[in-house]
Amino acid sequence: MSPSKLDSTASFGNGDASISCSKPENGLVDSLSLFHSEKAVEELLQQTPVEGMDEHLIEFSEALRTVAKALRRAAEGKASAQAEAAEWKRRYELERTRNIQMERKARIAEWFSAEQNGDFDCGKVENSDNQLVQQNEPDEHSEKGCMKHGICSHEVLRDRESDSNSNGDHNKMMRKASFKLSWWCKGENGDQHKHDIVSFEKGNITTAERSSKQISLKWESDPQTVLILTKPNSVSVRILCAQMVRWLKEKKKLNIYVEPRVRVELLTESSDFNYVQTWKDDREILLLHTKVDLVITLGGDGTVLWAASMFKGPVPPIVPFSLGSLGFMTPFYSEHYKECLDSVLRGPISITLRHRLLCRVVRDAAKNEYDTEEPILVLNEVTIDRGISSYLTNLECYCDNSFVTCVQGDGLILSTTSGSTAYSLAAGGSMVHPQVPGILFTPICPHSLSFRPLILPEHVTVRIVVPFNSRSPAWASFDGKDRKQLAAGDALLCSMAPWPVPTACQVDSTNDFLRSIHDGLHWNLRKTQSFDGPRDL
């Protein structure tokens with residue numbers, strides 16, 4: 001740096017200091033002093049250099065370095081203070097929200113007891129709920145306690161048959177098939193002892209009591225509507241889809257839904273497929289679970305992921321046919337689709353409840369942890385990485401309210417047990433039976449020799465925070481898509497979703513899982529040791 005630039009910088013820094021000190025008094029900038037300072041520097045440079053000027057410049061540069069270090073330390077202290085303040089704010093909002101929920105639960109218990117005693121009054125519920133909302137979270141758009149403004153707790157548990165009857169013959173045609181889930185195991189003499197664990201009349205599965213035993217699905221009424229999802233850009237899949245649609249309609253008399261793209265392909269092949277139904281927009285996709293009894297996928301694991309992503313709530317049972325590469329979740333072979341579908345439609349069948357993660361992004365400007373973006377459901381994993389940045393990812397990880405660790409590396413994978421054979425496996429994670437409920441915590445290339453993967457219980461909420469002192473933002477991707485940037489102060493919350501993905505088994509969940517890792521990964525495949533070698537005597 002030349003002497004003129006150094007002196008000009010110094011005079012400008014003094015000007016800034018004079019502004020910050022004098023502005024509260026008169027609000028004016030002393031431009032005259034800046035002018036004289038620059039003029040004095042120019043006159044000094046035009047003169048003969050003074051002896052020892054280089055030494056003064058060296059001392060001046062050292063002073064500037066000292067000032068820069070002090071400013072850097074001040075900036076780091078500010079960032080640390082902001083992070084600490086944000087953490088205290090988060091804890092306060094979390095405690096406040098918990099208190100609100102506890103008070104709501106207490107009032108709901110009072111409502112149930114009043115209903116059982118015959119003293120239930122919806123007007124009191126509405127007034128009580130309004131009072132609670134006004135005390136804690138005043139919002140003119142908040143939901144009310146009952147009737148047209150929302151749903152009362154006593155209405156949630158009732159099967160509203162009047163609504164289904166009021167829709168006429170259309171609802172009768174599209175009424176979902178009901179089924180019952182039970183777990184079973186092989187007892188003595190090969191007998192199968194079955195115990196009911198959950199049953200929903202409308203056919204929507206919500207995780208209730210879990211068991212390590214095999215889960216069986218038995219239809220209580222015949223399925224009427226089938227959704228077929230196919231892998232795109234495959235001639236063999238297109239031919240198989242046309243054959244399957246024709247067989248299901250002619251032999252099984254089922255209503256058939258396909259994607260708009262597939263319907264166009266079928267009608268291009270033949271106008272006889274005009275009975276095939278589809279949807280027009282995303283709003284109709286959200287209502288598919290109320291119409292569809294069974295989902296059939298023709299493709300690989302990616303097609304199963306696509307099928308699961310279409311259902312933001314309860315998922316109908318899925319029958320996956322293997323037409324892809326590896327096929328960890330596709331046990332059925334397309335060559336025998338008639339026998340397989342005939343067995344599934346007749347029931348009972350073994351199923352695997354594949355748990356999903358519910359992911360929410362909380363921005364730094366959010367009021368609390370419930371002020372989030374639209375939740376995202378993932379069947380395999382959510383990945384937080386450094387994107388195109390050359391810096392290490394810096395992530396603070398919490399499990400509920402407990403600090404877990406700080407990840408410094410390429411990133412982190414939060415995986416379901418179904419996704420344990422995907423990206424998590426490539427990053428060094430364990431292979432886990434898909435029926436085991438848990439969250440896999442797997443680092444990606446950590447800059448540490450002791451950072452081993454974890455398996456966390458299903459009931460925890462994992463929170464990943466980008467700290468304020470992070471050198472670069474992080475990027476989150478959900479099942480390989482829907483990529484989102486996480487800036488400093490942003491957080492990602494992951495917990496177990498209440499809506500699993502039920503996939504049909506060829507034999508049972510354990511047999512299918514072991515066969516998939518043997519066939520797909522050649523797990524522990526080696527030559528058998530020769531028997532004619534030396535032996536212990």
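The values are calculated or read from the model by the stated rules, or taken from the named source; none is laboratory data. Predicted model only: the values in this text are computed from it and were never measured. Counting neighbours? That spans all protein chains shown, and the Cβs are built from the backbone with ideal geometry, glycine included. Note: accessible area is taken over every heavy atom of the protein model, side chains too, but ligands, DNA and RNA are not part of it. Shrake-Rupley method; radii C 1.70, N 1.55, O 1.52, S 1.80 Å.
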Per DSSP, loop chymotrypsin sites (Phe, Trp or Tyr not before Pro) in region 460-537 with at most 12 further Cβ within 10 Å:
Trp523, Phe531
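Is there a quick way to get the dipole size of region 213-344? I mean about its Cα centre, with the Cβ of Lys and Arg at +1 and of Asp and Glu at -1; what is the value in debye to the nearest 20?
Dipole size: approximately 120 debye.
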Report Rg(Cα)/(2.2 N^0.38 Å) for region 370-409, keeping two decimals.
1.45
Counting only backbone N atoms under 20 Å from a point 7 Å out along Cα-to-Cβ of Ser343, the residues of region 493-530 in range are 502-520
Applying 1/(1 + (r/R0)^6) with R0 = 45 Å to the Cβ-Cβ distance of Lys481 and Leu64, what FRET efficiency is obtained, to the nearest 0.05?
0.40
Listed residues Arg283, Arg346, Arg463, Arg104 arranged by accessible area, highest first, probe 1.4 Å:
Arg283, Arg346, Arg104, Arg463
Full-extension gain in nm, Ile108 to Lys312, via 0.36 nm per residue minus C-alpha separation
70.8 nm
Within the set of other residues whose C-beta is less than 12 Å from the C-beta of Ala83, count the net charge using Lys and Arg as +1 and Asp and Glu as -1.
-2
Using a 7 Å offset from Cα along Cα-Cβ at Cys445, what residues in region 464-490 end up with backbone N under 19 Å from the label point?
471-477, 480
Potential extension, Leu57-Gln277 segment - 0.36 nm per residue separation minus Cα distance:
71.0 nm
Quick one: of Lys231/Lys280; Lys251/Lys312; Lys218/Lys484; Lys291/Lys367; Lys218/Lys481, which pairs are farther than 30 Å apart, Cα to Cα?
Lys251/Lys312; Lys218/Lys484; Lys291/Lys367; Lys218/Lys481
Ranking by accessible area, most exposed first, for Thr510, Thr416, Thr66 with a 1.4 Å probe:
Thr66, Thr510, Thr416
Spin-label model distance (nm) - Asp519 vs Ser402, 7 Å beyond Cα toward Cβ
4.0
Length-normalised contact order of region 348-439 in % [C-alpha pairs under 8 Å, at least 6 apart]
28
Note down the relative contact order for region 215-279 as a percent, whole number, built from C-alpha pairs under 8 angstrom at least six residues apart.
32
At 0.36 nm per residue, minus the direct Cα-Cα distance, what do Asp371 and Ser334 gain on full extension? Give it in nm, one decimal, please.
8.8 nm
For the pair Tyr92/Arg261, report the inter-label distance in nm, with labels modelled 7 Å from Cα in the Cβ direction.
5.0
For the pair Ile100 and Ala426, what calculated FRET efficiency results from E = 1/(1 + (r/R0)^6), where r is the Cβ-Cβ distance and R0 = 60 Å, to the nearest 0.05?
0.90
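Quote the Stokes-Einstein diffusion coefficient, in whole µm² s⁻¹, for region 221-372, based on the Kirkwood radius over alpha carbon pairs, a temperature of 20 °C and a viscosity of 1.002 mPa s.
128
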As a test question: what accessible area, to the nearest 10 Å², does Met329 have when a 1.4 Å probe is rolled over all protein chains in place?
10
Mind checking region 359-449 for chymotrypsin sites (Phe, Trp or Tyr not before Pro) that DSSP puts in a loop (not H, G, I, E or B) and that have at most 16 other Cβ atoms within 10 Å?
Tyr370, Tyr391
Sequence of Cys241, Cys445, Cys399 when ordered by accessible area, the most exposed leading, probe 1.4 angstrom:
Cys445, Cys399, Cys241
